[in-house]
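Visitor: A single structure is presented below for examination.
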Amino acid sequence: MNTIGIDHNLNRQRIRKLLIFGVIGSVLTGIGDFLVGYGEQVSADAKGLAEMMMANALNLSDAQLIWGGLLGVIGLFLEGLACFAIYRLMADSSQKYAHIYRASIFGYIWLAPVGCHMNVGLMNYAYKRLLLLDAAVASEAANVMIWAFCVPLWVLLIAYWLPGMITQFKAFARGYTPYPASAKWFSVLVGMWPALIIAAIVGPGSALGGGIGTMFLSFGNLFMFGGLLATLPDQKRFEQFEASLPTSSGNEVRR
């Protein structure tokens with residue numbers, strides 16, 4: 001519970017730049033997601049969760065998997081850095097929320113780029129190659145890759161990420177940022193639904209549906225960062241918010 005990075009962080013220009021990084025990162029990750037997901041599914045012989053998740057692997061080119069993985073790594077790292085904009089917004093008003101959110105950011109940067117996104121590209125690449133050699137070996141390897149290497153990382157990521165999303169919602173709702181309370185809806189959990197709905201309409205088994213569906217979290221991040229950037233309060237509002245804060249940074253203000 002140290003105070004490093006807590007005090008005097010409410011700089012509008014820095015927050016704006018970080019939100020721009022978030023928009024750029026979301027676009028890069030979205031392109032990477034689309035590349036990894038854009039392949040018609042071959043699921044007739046798929047058995048179990050692992051094979052169903054990689055049902056389009058045979059229709060993904062090596063270039064799609066490599067560039068999809070790399071773009072996602074860069075984009076997710078930028079998204080993690082951009083989350084410090086949201087952290088800065090609440091830091092001077094609520095140290096409690098700021099500490100929770102900062103821990104969430106560290107977990108996101110640690111796990112999301114390489115541990116989760118790159119793993120998906122690598123897993124599909126390995127499964128595709130093994131499937132061309134021996135279907136039984138590919139099936140066994142797919143299950144090991146999913147349950148031993150991927151699922152534990154996904155569980156850890158959710159354990160870090162979800163508390164951050166809840167904290168962000170509550171911080172905006174309770175007036176711990178210069179934004180109006182309605183900004184609480186600029187959340188990944190809200191913005192991801194259009195992509196899932198569009199993918200379901202297009203057809204989840206099709207190449208286009210698979211590509212759009214894989215982008216659902218990137219849609220959510222773009223909605224969050226883009227919405228916060230578009231509605232960023234002016235400098236006068238930032239100054240008014242700072243003036244309303246107590247002199248003791250350990251206290252919290254509830255609006």
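The values are calculated or read from the model by the stated rules, or taken from the named source; none is laboratory data. Since this is a predicted model, take the numbers as computed values, not measurements. Note that each Cβ is placed from the backbone with ideal geometry, even for glycine, and that neighbours are counted across all protein chains shown.
Visitor: Return the total of residues in the range 11-46 being closer than 22 Å to Gly203 by Cβ and of a type in the set (Lys, Arg).
Guide: Quick first cut of the range 11-46, residues closer than 22 Å to Gly203 by Cβ only: 30-46.
Remaining after also requiring of a type in the set (Lys, Arg): none.
Counting residues in the range 11-46 that are closer than 22 Å to Gly203 by Cβ and of a type in the set (Lys, Arg) gives 0.
Visitor: If a residue has to be surrounded by fewer than 16 Cβ atoms within 10 Å (Cβ to Cβ) and either more than 30 Å from Phe225 (Cβ to Cβ) or touching a Ser or Thr at 6+ places or on another chain (Cβ under 6 Å) (or both) to count, how many in the range 62-98 make the cut?
Guide: Looking only at that region, the number is 1.
Visitor: Can you tell which of Tyr101, Tyr127 is crowded, with 19+ Cβ neighbours inside 10 Å, among the hydroxyl-bearing types (Ser, Thr, Tyr) and over 28 Å from Pro163 (Cβ atoms)? Give the steps one after another, and end with the answer.
Guide: Numbers: Tyr101 fails: over 28 Å from Pro163 (Cβ atoms).
The unique qualifying residue is Tyr127.
Visitor: Working carefully through the options Tyr179, Tyr125, find the one that is hydroxyl-bearing (Ser, Thr, Tyr), under 28 Å from Gly213 (Cα atoms) and in contact (Cβ under 8 Å) with a residue 24 or more places away in the chain.
Guide: On the way: Tyr179 fails: under 28 Å from Gly213 (Cα atoms).
Tyr125 is the lone residue from the list that is hydroxyl-bearing (Ser, Thr, Tyr), under 28 Å from Gly213 (Cα atoms) and in contact (Cβ under 8 Å) with a residue 24 or more places away in the chain.
Visitor: Go through (1) modelled with pLDDT under 95; (2) buried (at least 22 other Cβ atoms within 10 Å of the Cβ) for Gly115 and report which single condition fails.
Guide: Just one mismatch for Gly115, condition (2).
Residues checked against (1) farther than 28 Å from Gln41 by Cβ; (2) in contact with a Lys or Arg (Cβ under 9 Å, 6 or more places away or on another chain); (3) polar (S, T, N, Q); (4) surrounded by 21 or more Cβ atoms within 10 Å (Cβ to Cβ):
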site: Leu133; (1), (2), (3), (4): no, no, no, no
site: Lys170; (1), (2), (3), (4): yes, yes, no, no
site: Tyr176; (1), (2), (3), (4): yes, yes, no, yes
site: Asn221; (1), (2), (3), (4): no, no, yes, yes
site: Ser244; (1), (2), (3), (4): yes, yes, yes, no
